[in-house]
Amino acid sequence: MQPDDTQSLRFINRIARASAWMGGIALMGSALMISIDLLLRRLFGFSMGGADEIAGYVLAIVSAWAFPIALLKRSHLRVDILYSRLALKPKVGLDLLALAGMALFVGTLLLHVGGVLWDSIAYRSISTTPLQVPQWIPQSLWFAGYLFFATTILVLAYNSVIQLRQQRWAAANALIGINSVEDEIEEESHSGRPHDITREGR
């Protein structure tokens, strides 16, 4: 990241990095728990109970928190058959259009997820399993992931507008554009080195 990147973008990156680590640890823990449960069933004929339910919660929560990480790393798939042949300014226009479309989608998704969470709180919903997990607990973390996704989109849009006001089209494209083949090769060649969620040197 460049020195003139705003504090908000650096803050978003720190949260994304922390959530990536926590999500990875949670997934590994879920895999370990399911493995132990399978061994107990196989060898001793009993189960810990609830391993599959907890793993389902973890998968949903981690998936929600992974979307903003993919956005910051510019890893979301986009059709680029025309995009790659355009000049820089039309590319940035399409980048902004794509970001606006994603904002609309995530905003709609956030409303529905918030409605599910609100109903679970209002009706004091619990899971229909022996664990009887209050549904607002995993759903709150699920909702928070999508809320962070929406926040990430807004921060990227804000920073992109700042770059465009300064006529820094390449910098805006580096924030919200898609990776070129050269970018992918560079990232793979430097994959063993520590780096920020957003590409260094942009």
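The values are calculated or read from the model by the stated rules, or taken from the named source; none is laboratory data. This one's a predicted model, so the numbers in the text were calculated from it and none came from an experiment. Quick reminder, even Gly has a Cβ in these numbers, built from the backbone with ideal geometry, and neighbours come from all protein chains shown.
Among residues of the stretch 77-92 that are at negative phi and in a loop (DSSP other than H, G, I, E, B), those with a beta-carbon under 8 Å from a residue that is surrounded by 10 or more Cβ atoms within 10 Å (Cβ to Cβ) and of a type outside the set (D, E) at least six positions away or on a different chain give the pairs R78/A98; R78/I178; D80/I178; L86/L94.
Just one residue in the set L96, L110, L71 is assigned to a helix (DSSP H, G or I), closer than 21 Å to V161 by Cα and under 17 Å from the mean Cα position of the chain (by Cα); that residue is L71.
Check whether at least one residue in the stretch 54-74 is more than 27 Å from I12 (Cα to Cα), touching a helix residue (DSSP H, G or I) at 6+ places or on another chain (Cβ under 9 Å) and either surrounded by 14 or more Cβ atoms within 10 Å (Cβ to Cβ) or modelled with pLDDT of 95 or more (or both), and report yes or no. Before you say what the answer is, go through the steps one by one.
In the first step, residues of the stretch 54-74 are kept if they are more than 27 Å from I12 (Cα to Cα); the result is 54.
Those left that are additionally touching a helix residue (DSSP H, G or I) at 6+ places or on another chain (Cβ under 9 Å): 54.
Pick out the ones that are also either surrounded by 14 or more Cβ atoms within 10 Å (Cβ to Cβ) or modelled with pLDDT of 95 or more (or both) and you get 54.
Looking for residues that are more than 27 Å from I12 (Cα to Cα), touching a helix residue (DSSP H, G or I) at 6+ places or on another chain (Cβ under 9 Å) and either surrounded by 14 or more Cβ atoms within 10 Å (Cβ to Cβ) or modelled with pLDDT of 95 or more (or both), one finds at least one in the stretch 54-74, hence yes.
Tallying residues that are of a type in the set (S, T, Y) and surrounded by 14 or more Cβ atoms within 10 Å (Cβ to Cβ) within the stretch 105-146 yields 5.
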